[in-house]
Amino acid sequence: MLQNYQAHLITKEQLNQTVYRFEFGLDEPKIIDFLAGQYLLLDIKQGYRQYSISSSSNQHHSVETIVDTLPMGIGSQYLLNLAVGQPISFRAPMGLFTLKSNSNPKVFLATGAGISPIKSMLFNLSESDFSAPFFLLWGLKKQSALYLQDCWQKLAQSKPNFSYHYCLSQENFGQAPFFAGHIQEKLNSMPLPTTSEFYLCGRQPTVEALQGYLQTTLSVPIENIFHENFT
Ligand SMILES: Cc1cc2nc3c(=O)[nH]c(=O)nc-3n(C[C@H](O)[C@H](O)[C@H](O)COP(=O)(O)OP(=O)(O)OC[C@H]3O[C@@H](n4cnc5c(N)ncnc54)[C@H](O)[C@@H]3O)c2cc1C
């Protein structure tokens, strides 16, 4: 149910040059229920900004989001200026980009901070008895932009049905999990089950390009493609 939340900043962690992980502890109400993939609407005092929840939906007392502050608009500046302990408010949960609860194989395509809702979905799957294959292809420019590698490594160790690749568009960094090229090129070389569902998240031009590729080149039916644009 959509509610107003009062919370405070617990953690502000820099993940790469411009990307940060923010964790907020809930004060009132103290508990949140949401679906993996949904977002919160943060009150930034001069307006509102949407931020996808990156924590697992099984975590009810705090929420985490991963934010690229590169745009440096009022949302980025508000978050960067927040100090640990400082109060914030937001409305949540919002959005229809959610993990479908079925047994179809799932392919997650994220670019940049588009990993935020995808992380929540991956954790959600890993904490369930989901047994079909699931894949993460994460598009970034260079290896230096990567973060949370431990997360995906541990997930792959604990879930033999999970595999991941970092698709680096501007660098040839070596062997798997690194792939030199765009997500589309990696997809082209993967034998994917025809029943696969695709979850796409990132900036609008990239998400649109990926969606077009899935539909026209790989003949994926539109009803098997779910996406969130960060505009
Ligand atoms: C449903 C939804 C969920 C979102 N979840 C996240 C999330 O989890 N993490 C996250 O980092 N962002 C997320 N966003 C984007 C976020 O809401 C803001 O739009 C973004 O952080 C920019 O806000 P700003 O106030 O700093 O910049 P603005 O003042 O809004 O924009 C400043 C300038 O940067 C450009 N710009 C806007 N967004 C981007 C961008 N992403 N990259 C480069 N340039 C940009 C604008 O065109 C403008 O010129 C989400 C957006 C939507 C719609």
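The values are calculated or read from the model by the stated rules, or taken from the named source; none is laboratory data. The shown structure was predicted, so the numbers you read here are calculated from the model rather than taken from an experiment. Here Cβ is always computed from backbone atoms with ideal geometry, including for glycine, and neighbour counts include all displayed protein chains. Side chains included, ligands, DNA and RNA excluded: accessible areas come from the protein's heavy atoms. Shrake-Rupley method; radii C 1.70, N 1.55, O 1.52, S 1.80 Å.
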*Short version: ³J(HN,Hα) in whole Hz for each residue of the range 167-172, in order, from phi by Karplus 6.51 cos²θ - 1.76 cosθ + 1.60 (θ = phi - 60°), x for Gly and Pro, what are they?*
9, 9, 7, 10, 7, 9
*So what J values fall out for the range 36-42 if you push phi through Karplus, 6.51 cos²θ - 1.76 cosθ + 1.60 with θ = phi - 60°, rounded to Hz, Gly and Pro as x?*
3, x, 6, 10, 10, 10, 7
*Taking the Cβ of F108 as the center, what net charge do the other residues with Cβ under 10 Å away carry, scoring Lys and Arg +1 and Asp and Glu -1?*
+1
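In terms of the Cα gyration tensor, with a ≥ b ≥ c the square roots of its eigenvalues, is the range 106-229 rounded because a/c is under 1.5, prolate because a/b exceeds b/c, or oblate?
Working: a/c = 1.41, a/b = 1.03, b/c = 1.36.
Rounded is the answer for the range 106-229, as its axis ratio a/c remains below 1.5.
Indicate the gyration tensor shape class of the range 59-150 (rounded, prolate or oblate), computed on the Cα atoms with a ≥ b ≥ c the square roots of the eigenvalues: a/c under 1.5 is rounded; otherwise a/b larger than b/c is prolate and the rest oblate. Let's see the in-between values first.
Working: a/c = 2.27, a/b = 1.44, b/c = 1.57.
Cα axes put the range 59-150 in the oblate bin.
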*How far is helix 115-126 tilted, in degrees, relative to the longest principal axis of the Cα atoms in the chain, given as a value from 0 to 90 rounded to the nearest 10?*
70
*At 25 °C and 0.890 mPa s, grab the translational diffusion coefficient of the chain from Stokes-Einstein with a Kirkwood Rh over Cα pairs, rounded to a whole number in µm² per second.*
136
*Give the cross-link partners of K12 among the lysines, using a straight C-alpha distance below 27 Å as the criterion and excluding same-chain residues fewer than 8 apart.*
K30, K45, K119, K141, K142, K154
*Determine which aspartates and glutamates satisfy two conditions relative to K106: a Cα distance under 20 Å, and not lying fewer than 8 residues away in the same chain.*
E127, D129, E185, E197, E208, E223, E228
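Sort S219, S128, S55 by accessible area with a 1.4 Å probe, largest first.
Working: S219 85, S128 45, S55 5 Å².
Order by accessible area, largest first: S219, S128, S55.
What do you get for Rg/Rh over the range 3-94 if you use C-alpha atoms and the Kirkwood form of Rh?
On the way: Rg = 12.0 Å, Rh = 13.0 Å.
My calculation of the ratio gives 0.92.
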